[in-house]
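Participant: Sharing a structure, written as structure tokens. Questions coming.
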Amino acid sequence: MSIDLSDPGHGHSPAAWTAVIIMLAAFTIGTTAFFFELVWLVWASFGLLIAGVIVGYVLSKVGYGVSATSPGH
């Protein structure tokens, strides 16, 4: 199988994986909290979701994201 150099990697990076894991945890906690009617925990999980987005963005800007100029891409 050949490697397409124009393919950016579709998020195969530490930044993407970290962001997705944090956001999956937030959705899991939020869904469970909603089921048990824990409103404060639903909002806290929403905050965690936003934190996951921010962490992913910061990690990508620091150099842990996928970029077309990085070696191997």
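The values are calculated or read from the model by the stated rules, or taken from the named source; none is laboratory data. Treat the numbers as computed from the prediction; the structure is a model and nothing was measured. Cβ placement follows ideal geometry from the backbone for every residue including glycine, while neighbour counts extend to all protein chains displayed.
Participant: Which condition breaks for W43 when tested against (1) surrounded by 15 or more Cβ atoms within 10 Å (Cβ to Cβ); (2) at pLDDT 95 or above; (3) aromatic (F, W, Y)?
Facilitator: (1)
Participant: Look through A16, A33 and report the one residue that is surrounded by 12 or more Cβ atoms within 10 Å (Cβ to Cβ) and either in contact with a Cys (Cβ under 9 Å, 6 or more places away or on another chain) or modelled with pLDDT of 95 or more (or both). Walk me through it before giving the result.
Facilitator: Working: A16 fails: either in contact with a Cys (Cβ under 9 Å, 6 or more places away or on another chain) or modelled with pLDDT of 95 or more (or both).
Going through A16, A33 in turn, just one is surrounded by 12 or more Cβ atoms within 10 Å (Cβ to Cβ) and either in contact with a Cys (Cβ under 9 Å, 6 or more places away or on another chain) or modelled with pLDDT of 95 or more (or both): A33.
Participant: Same structure again: Hey, can you tell me all the residues within segment 32-70 that are outside any helix (DSSP H, G or I), within 21 Å of S13 (Cβ to Cβ) and of a type outside the set (A, V, I, L, M)? Write out each step before concluding.
Facilitator: The first filter runs over segment 32-70 and keeps only residues outside any helix (DSSP H, G or I), leaving 36-38, 65-70.
Cutting the leftovers down to within 21 Å of S13 (Cβ to Cβ) gives us 65-70.
Passing the criteria: G65, S67, T69, S70.
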